[in-house]
1. Residues of segment C:1-21 being touching a residue at least 40 places away in the same chain (Cβ under 8 Å) and within 20 Å of C:VAL163 (Cβ to Cβ), which ones?
2. Output the number of residues of segment D:158-184 satisfying the condition of being more than 14 Å from chain C (Cβ to nearest Cβ), open to solvent by less than 50 Å² (accessible area, probe 1.4 Å) and more than 14 Å from D:VAL68 (Cα to Cα).
3. For segment A:185-195, give me each residue that is in a helix (DSSP H, G or I) and open to solvent by 10 Å² or more (accessible area, probe 1.4 Å).
4. With the condition kept exactly as written, say whether any residue in segment D:16-23 is within 28 Å of D:THR158 (Cα to Cα) and at pLDDT 95 or above.
5. Of (1) at pLDDT below 95; (2) surrounded by fewer than 22 Cβ atoms within 10 Å (Cβ to Cβ); (3) under 13 Å from C:VAL120 (Cα atoms), C:ASP217 satisfies all except one. Which?
6. Would a scan of segment A:77-86 turn up a residue that is closer than 19 Å to B:PRO174 by Cα and open to solvent by 40 Å² or more (accessible area, probe 1.4 Å)?
7. Under 6 Å between Cβ atoms, at least 6 apart or on separate chains: pull out the pairs that start in segment C:185-203 with a residue that is facing chain D (nearest Cβ under 9 Å) and end on any residue that is part of a helix (DSSP H, G or I).
Protein chains: 4
Amino acid sequence: MSAPTVLLTGFEPFDGEEVNPAQEVAHELGGERIAGHRVIPLVLPVTFEGISSRLSEAIAATHPTIAVGIGQAGSRARISIERVAINLVDARIADNAGAQPVDAPVIAGAPAAYFSTLPVKAMLAALEAAGVPAELSFSAGSFVCNAVFFATMHLLATRHPPVRGGFIHVPYLPRQAARHPGAPSLDIGTLSKGIGIAIEAALAHAQDLRVAAGTTD
Amino acid sequence: MSAPTVLLTGFEPFDGEEVNPAQEVAHELGGERIAGHRVIPLVLPVTFEGISSRLSEAIAATHPTIAVGIGQAGSRARISIERVAINLVDARIADNAGAQPVDAPVIAGAPAAYFSTLPVKAMLAALEAAGVPAELSFSAGSFVCNAVFFATMHLLATRHPPVRGGFIHVPYLPRQAARHPGAPSLDIGTLSKGIGIAIEAALAHAQDLRVAAGTTD
Amino acid sequence: MSAPTVLLTGFEPFDGEEVNPAQEVAHELGGERIAGHRVIPLVLPVTFEGISSRLSEAIAATHPTIAVGIGQAGSRARISIERVAINLVDARIADNAGAQPVDAPVIAGAPAAYFSTLPVKAMLAALEAAGVPAELSFSAGSFVCNAVFFATMHLLATRHPPVRGGFIHVPYLPRQAARHPGAPSLDIGTLSKGIGIAIEAALAHAQDLRVAAGTTD
Amino acid sequence: MSAPTVLLTGFEPFDGEEVNPAQEVAHELGGERIAGHRVIPLVLPVTFEGISSRLSEAIAATHPTIAVGIGQAGSRARISIERVAINLVDARIADNAGAQPVDAPVIAGAPAAYFSTLPVKAMLAALEAAGVPAELSFSAGSFVCNAVFFATMHLLATRHPPVRGGFIHVPYLPRQAARHPGAPSLDIGTLSKGIGIAIEAALAHAQDLRVAAGTTD
């Protein structure tokens with residue numbers, strides 16, 4: 001019998017960048033074992049079109065214990081654990097397919113928002129204890145990151161209720177920040193360590209919930 | 001005959017921190033060779049008292065080609081190359097010996113300011129080319145960092161005119177920033193790489209100057 | 001027959017302040033006529049307890065065309081038009097009654113979020129055209145401001161569907177900012193002018209909608 | 001016998017702006033009496049060429065008790081009392097005559113820097129007491145503002161030693177900030193009140209010095 005899994009989504013580069021720290025983190029942690037779970041990476045295109053079908057296939061294929069999305073937020077200085085996904089697309093730049101929806105829903109007819117079902121404060125505490133700069137955030141924006149976060153939560157809520165999900169924004173890598181005057185950054189070592197710790201904290205919580213519910217395998 | 005040297009000063013931890021990135025950088029680069037120069041580290045106490053005598057002894061003992069000071073600036077996100085040192089102490093916190101001078105000169109009777117004599121724009125360009133987040137700064141503050149910068153420049157100007165000097169502020173390390181909500185950081189790998197590149201760019205420039213002046217050994 | 005109305009809620013001072021710019025704005029605009037509507041001010045206590053009943057009474061008593069909440073956000077530099085209210089209370093400080101709920105819903109059983117039903121982009125455009133510094137915001141936080149915003153939207157959605165509502169955060173007044181190092185501010189003249197313009201833009205839009213729907217009185 | 005004077009310099013608009021808050025402040029306070037002194041406004045062009053001769057003529061013509069320069073700093077949120085002027089021009093944009101000097105001295109052969117000779121901390125305390133958002137600053141930049149500050153201090157030091165001088169940066173006006181996303185601002189009322197208070201505090205201090213030296217008229 002195969003190990004339980006974590007689905008870890010990242011993104012291809014966008015907005016003129018040659019690299020995306022979320023992709024790098026997915027590559028670094030892909031295949032790793034965290035608390036007995038195999039990390040399955042999925043690098044998504046930065047496009048609004050096709051988000052739900054890609055996520056739906058990936059979740060169906062991997063049966064993850066938790067689904068964690070990672071995305072680049074160039075103005076942030078710390079690992080930002082998102083608390084809420086909103087059903088709104090309002091793109092300030094075009095996505096990688098040239099689409100730039102304005103004031104459209106991510107999924108028509110879906111609720112206005114979903115909260116992360118990951119234990120965001122336990123994740124923050126674990127990062128702080130490990131010396132990784134982190135913070136909680138109330139907005140994942142209105143671009144593709146938020147859309148993936150929202151679509152993930154909608155899929156989990158409507159089709160895979162036991163699976164918990166969430167999203168984490170990460171700063172530029174130093175080599176990206178070098179080209180953006182004033183921008184902060186975190187190196188790939190700190191990012192990968194931090195996302196690994198966040199996943200571990202999320203799994204510990206998921207495990208607790210299952211034990212509490214008497215559903216441990 | 002021994003190799004030419006670079007004097008690289010850092011600082012002990014202060015302001016309640018357990019570590020100082022400037023000390024870490026001095027340790028990392030101490031003993032290294034950069035462009036044929038041996039890096040001689042000097043970790044200074046964070047005290048106003050005794051700055052000039054410590055620097056004076058170190059410069060006399062090491063006969064450096066350039067003297068570069070490194071100091072922690074917790075609110076900054078990038079390697080900050082300082083352009084000017086001012087003859088003012090105005091301490092918002094006490095130094096590690098409990099002294100907190102207000103509106104006092106660093107050195108009574110000395111000029112109001114000294115500009116860095118390092119090639120700050122060439123150093124910035126080298127850092128950008130290497131993908132290290134950097135910036136120029138017009139203020140090293142009015143605490144011990146600025147005082148060491150000023151005292152260094154005054155010593156060089158009055159007693160060692162051929163020796164060039166400057167100062168570079170560095171952000172918190174990630175494990176420090178983890179305890180300061182919102183604070184940016186850079187990891188020791190990026191910092192050491194960056195300071196090494198900055199020194200190399202400064203030495204290349206110093207070399208050019210000597211060639212131009214016909215004073216190459 | 002009495003004029004149609006705008007319900008404009010503000011707040012009492014909190015967090016150690018002696019004044020609240022939202023209260024000042026409500027006082028300034030209270031009783032004014034904007035586009036044929038009388039502005040009815042309501043200054044709320046900064047407490048989680050009793051929000052819904054106070055709002056419910058006020059809406060029932062005033063039958064407003066639109067309900068606009070104003071609140072202080074000390075770290076902001078501009079008039080911030082909020083786009084979404086979330087069903088979460090996570091108070092970093094105690095409210096004025098000493099309550100400090102953590103990770104609780106604003107209204108148990110209510111949806112995760114409501115979007116503002118005011119024309120936020122038309123309001124932003126009107127403010128820009130009038131030379132008032134403004135911005136859109138994706139987070140009203142998780143304190144009493146967000147709770148009032150959420151409770152307003154829930155009341156309107158469930159009991160007064162034709163009434164549109166929203167929330168606007170405002171910076172400190174200059175005399176408050178004077179005591180908070182580094183804090184930005186806007187003066188009461190700019191704030192009152194700005195909120196008046198935002199209300200006018202919202203009413204113009206509401207009027208358009210009614211005309212489009214053939215429901216003009 | 002005519003009243004003693006304060007020379008208050010402002011600037012014409014630059015960098016694409018239609019207004020300059022420093023010019024507005026000079027207009028507002030020009031002709032006013034502050035602590036028995038008549039405020040004489042001088043609006044300078046934003047050009048490096050001709051600074052010293054314009055200032056020299058104005059100082060010779062007005063025999064001021066103090067000379068205070070005001071300039072726009074669009075990224076600042078508060079009235080910023082400058083502490084030091086540096087002998088460096090490094091223009092990131094062209095001045096209003098199209099000149100953009102890089103790494104040039106303001107005045108060749110002059111010292112590296114001058115400290116403000118105004119009582120900056122007394123001025124800050126007076127502004128705080130009056131509820132005006134203010135701060136001290138260690139850098140007036142390297143554009144025309146710093147050049148005027150430096151040239152003023154050099155003129156006073158070399159030709160008018162009893163006259164005290166300094167410089168104050170002010171934020172955008174709200175109508176300017178409206179066009180700069182995210183920018184903070186202060187209204188002309190707060191600015192004029194604040195600069196008036198700062199001048200009054202500076203004059204009280206100058207008066208104290210004269211009394212102490214037995215030179216009161």
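The values are calculated or read from the model by the stated rules, or taken from the named source; none is laboratory data. Since the model is a prediction, treat every value here as computed from it, not as a measurement. No Cβ is skipped: glycine too gets one built from the backbone with ideal geometry, and neighbour counts run over all protein chains shown. Each accessible area value is taken on the protein alone, full model and side chains, heavy atoms only, with ligands, DNA and RNA left out. Shrake-Rupley method; radii C 1.70, N 1.55, O 1.52, S 1.80 Å.
1. C:PRO4, C:THR5, C:VAL6, C:LEU7, C:LEU8, C:THR9, C:GLY10
2. 1
3. Those that are in a helix (DSSP H, G or I) and open to solvent by 10 Å² or more (accessible area, probe 1.4 Å): A:ILE188, A:GLY189, A:THR190, A:SER192, A:LYS193.
4. Checked segment D:16-23: at least one residue is within 28 Å of D:THR158 (Cα to Cα) and at pLDDT 95 or above.
5. With respect to (1) at pLDDT below 95; (2) surrounded by fewer than 22 Cβ atoms within 10 Å (Cβ to Cβ); (3) under 13 Å from C:VAL120 (Cα atoms), C:ASP217 is out only on (3).
6. Within segment A:77-86, none of the residues are closer than 19 Å to B:PRO174 by Cα and open to solvent by 40 Å² or more (accessible area, probe 1.4 Å).
7. Every condition considered, the pairs that remain are C:SER185/C:PRO174; C:SER185/C:ALA177; C:ASP187/C:PRO174; C:ASP187/D:THR190; C:THR190/D:PRO174; C:GLY194/C:LEU127.
Conditions (1) more than 14 Å from chain B (Cβ to nearest Cβ); (2) part of a strand (DSSP E or B); (3) closer than 30 Å to B:GLN176 by Cβ; (4) open to solvent by 20 Å² or more (accessible area, probe 1.4 Å), marked per residue:
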residue	(1), (2), (3), (4)
A:ALA97	yes, no, no, yes
A:PRO101	yes, no, no, yes
A:PRO111	yes, no, no, yes
A:LEU118	yes, no, yes, no
A:GLU128	no, no, yes, yes
